[in-house]
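The values are calculated or read from the model by the stated rules, or taken from the named source; none is laboratory data. What you see is a predicted model, and the numbers here were worked out from it, not measured in a lab. Neighbour counts run over all protein chains shown; Cβ positions are idealised from the backbone, glycine included. Accessible surface is based on the protein model in full, side chains and every heavy atom, while ligands, DNA and RNA are left aside. Shrake-Rupley method; radii C 1.70, N 1.55, O 1.52, S 1.80 Å.
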Amino acid sequence: MDFRIMGVDSPLFSTLQQMMDLADDTDKSSVSAPTRTYIRDAKAMAATPVDVKEYPSSYVFIIDMPGLKSGDIKVQVEEDNVLVIRGERKREEEKEGVKYVRMERRVGKFMRKFVLPENANTDAISAVCQDGVLTVTVEKLPPPEPKKPKKIEVKIA
């Protein structure tokens, strides 16, 4: 609606007109709202606490995963140096005649991503889930040997 057409020419209406024009421009712009997948992944990452330890020979990621089976958890490396830990905790099947009085345990997907440092050996990663705690160990690469100085012979001309 264009207030100028209606003959209304006050600062309030011109400000409203500018706001409406701006809203129309943002709807047509290439900037779009976050997708549902992005929001879901962001919530899953925020709700999954992890402890990360660095040892002399490895990095260790510790995540509480009570009640999950190994098939519910996936550990993988993406883009050569991004450790991704994801899975899903499913809601128990409801039995007839039983209803929840309180439901506090989180269900749904979870995920965490970690950019691994350059000295992480992505070929030597192990994951063990014991007593509801997932421990992912990423071995470190051995430090590079220092380069020996190159001797250059000096010729007499």
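Worth a mention:
- In the stretch 123-147, residue nearest to N81 (Cα to Cα) [restricted to those that are part of a loop (DSSP other than H, G, I, E, B) and among the acidic types (D, E)]: E145
- Residue-level analysis places D25 among those that are surrounded by fewer than 10 Cβ atoms within 10 Å (Cβ to Cβ) and at pLDDT below 80.
- Strands (runs of 3 or more DSSP E) fully within the stretch 53-122 that include at least 1 residues being open to solvent by less than 40 Å² (accessible area, probe 1.4 Å), touching a residue at least 60 places away in the same chain (Cβ under 8 Å) and touching a Phe, Trp or Tyr at 6+ places or on another chain (Cβ under 8 Å): 58-64, 108-115.
- Any hit, the stretch 132-143, residues being touching a helix residue (DSSP H, G or I) at 6+ places or on another chain (Cβ under 7 Å), surrounded by 10 or more Cβ atoms within 10 Å (Cβ to Cβ) and under 25 Å from L68 (Cα atoms): no
- When P117, P56, P142, P149 are checked against the criterion of being within 25 Å of the chain's Cα centre (by Cα), of a type outside the set (A, V, I, L, M) and at negative phi, a single residue qualifies: P117.
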